[in-house]
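The values are calculated or read from the model by the stated rules, or taken from the named source; none is laboratory data. All figures in this text were calculated on a predicted structure; none of them were measured in a lab. Counting neighbours? That spans all protein chains shown, and the Cβs are built from the backbone with ideal geometry, glycine included.
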Amino acid sequence: MHCVISVMLLLTAPGGLVLPQAPCPGWTAGPQKTVLPSGIFDYMDGAGELYLGYGFRKLYVREYRKSGQPTIVCELYELPTAADAFGLFSYDRTGEPLKIGQGAVYASGLLLAWHGKYFLRILADRETPESKQCALELAKQTIKLCGAPGKPPAALQWLPKDNLDAETVHYFHTHMCLNYFHFLATKNILNLSGKTEAVMGTYNGKQGKSLALVVGYPSVDEARRAWEQFRKVYLAGLSLSGPHCLAKLENGRWVAGSQVGRKLVLVLESPTREDCLKLIEQILVCNGAKGGKRR
């Protein structure tokens, strides 16, 4: 949701990238603005923490208008790395897949894409056939400004591919981002920060879905402390069994966890004991634990 933007926090470009000025015939471009991290909450309500969680550096904004058509807003976020740009894109991939940039989707007037270290968001306040066509053309032109393709997060390899729903995979760093994707706890019990990397995804099983989360820490000691805190807080009062602290939650779902080196591996909300145990062992092997045993 957009709001009136403070002049002190929203700067008129010319520095940096220049968004397309005439993407489609008959559409008029407004002046380009640049939003800095310090001004994100003046620009948008609610979702500012998400963009800060990926360390965005600049946001380039331009509006496009045509008589009888909805206003189109183009937002291009500059991130520290291509991995972070993918992370923002991974927040929501609902919609029609598009061959634009390194990944793109479109649904009901909203187009999302990523390419290199940039994340693109194009939104029309209502959808018409002409506004959709203009949004697609605007996206293609904007992506050309974003330079060479970038590498997706290496952390994506922490999740084994068998039975993984690729469209549910999220990459992130912070506790706030985790709770956007799956609410775990009010407090930051996994000690997530800008120095951690995390990847999560949903696995399909015969009895239902399981959620897997792998967090990489700067050191083995930090992973150990996070694992100890998770057991102390999240698993408190539960009956734990086996080397992976397998436990049944009050809602009937199953949870398990293990530390392997500088990584913490968790399986959450699994439908059965067997599914939970099988999945955590597969993930541990994928991350270098011999025979699925924890360290």
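Worth pointing out:
- Sole residue being acidic (Asp, Glu), touching a residue at least 24 places away in the same chain (Cβ under 8 Å) and touching a Ser or Thr at 6+ places or on another chain (Cβ under 9 Å), chosen from Glu197, Glu167: Glu167
- Residues that are farther than 15 Å from Pro23 by Cα, in contact with a His (Cβ under 8 Å, 6 or more places away or on another chain) and buried (at least 17 other Cβ atoms within 10 Å of the Cβ), drawn from region 105-149: Cys146
- Only one entry of Val267, Val233, Val220 meets the criterion of being among the hydrophobic types (A, V, I, L, M, F, W, C), within 20 Å of Thr168 (Cβ to Cβ) and under 26 Å from the mean Cα position of the chain (by Cα), and that entry is Val267.
- Just so you know, in region 236-247 the residues that are surrounded by fewer than 17 Cβ atoms within 10 Å (Cβ to Cβ) and not polar (S, T, N, Q) include one that is farthest from Lys290 (Cα to Cα), and it is Gly237.
- Residues of region 258-278 classified as in contact with a Phe, Trp or Tyr (Cβ under 6 Å, 6 or more places away or on another chain) and either more than 20 Å from Tyr203 (Cα to Cα) or surrounded by 19 or more Cβ atoms within 10 Å (Cβ to Cβ) (or both), total: 5
- Some residue of region 251-258 being touching a Cys at 6+ places or on another chain (Cβ under 6 Å) and closer than 20 Å to Lys187 by Cβ: yes
- Taking region 114-134 as the range and being at pLDDT 95 or above and under 24 Å from the mean Cα position of the chain (by Cα) as the test, the residues that pass are Trp114, His115, Gly116, Lys117, Tyr118, Phe119, Leu120, Arg121, Ile122, Leu123, Ala124.
- Qualifying residue in region 15-34 (condition: modelled with pLDDT of 95 or more and closer than 30 Å to Thr168 by Cα): no
- Residue in region 122-136 that is hydroxyl-bearing (Ser, Thr, Tyr), assigned by TED's automatic domain parsing to the domain that holds Ala47, closer than 18 Å to Leu50 by Cα and in contact (Cβ under 8 Å) with a residue 24 or more places away in the chain present: no
- Boolean, Glu281 is within 27 Å of the chain's Cα centre (by Cα), on the phi < 0 side of the Ramachandran plot and not polar (S, T, N, Q): yes
- Subset of region 23-67 that is among the charged types (D, E, K, R) and within 29 Å of Gln133 (Cα to Cα) - its residue that is surrounded by the fewest Cβ atoms within 10 Å (Cβ to Cβ): Asp45
- Applying a threshold of 6 Å to beta carbon distances and a minimum spacing of six or more residues, or different chains, the list of pairs starting in region 213-234 at a residue that is farther than 18 Å from Glu269 by Cα and assigned to a helix (DSSP H, G or I) and ending at one that is modelled with pLDDT of 95 or more and among the aromatic types (Phe, Trp, Tyr) reads Ala223/Tyr217.
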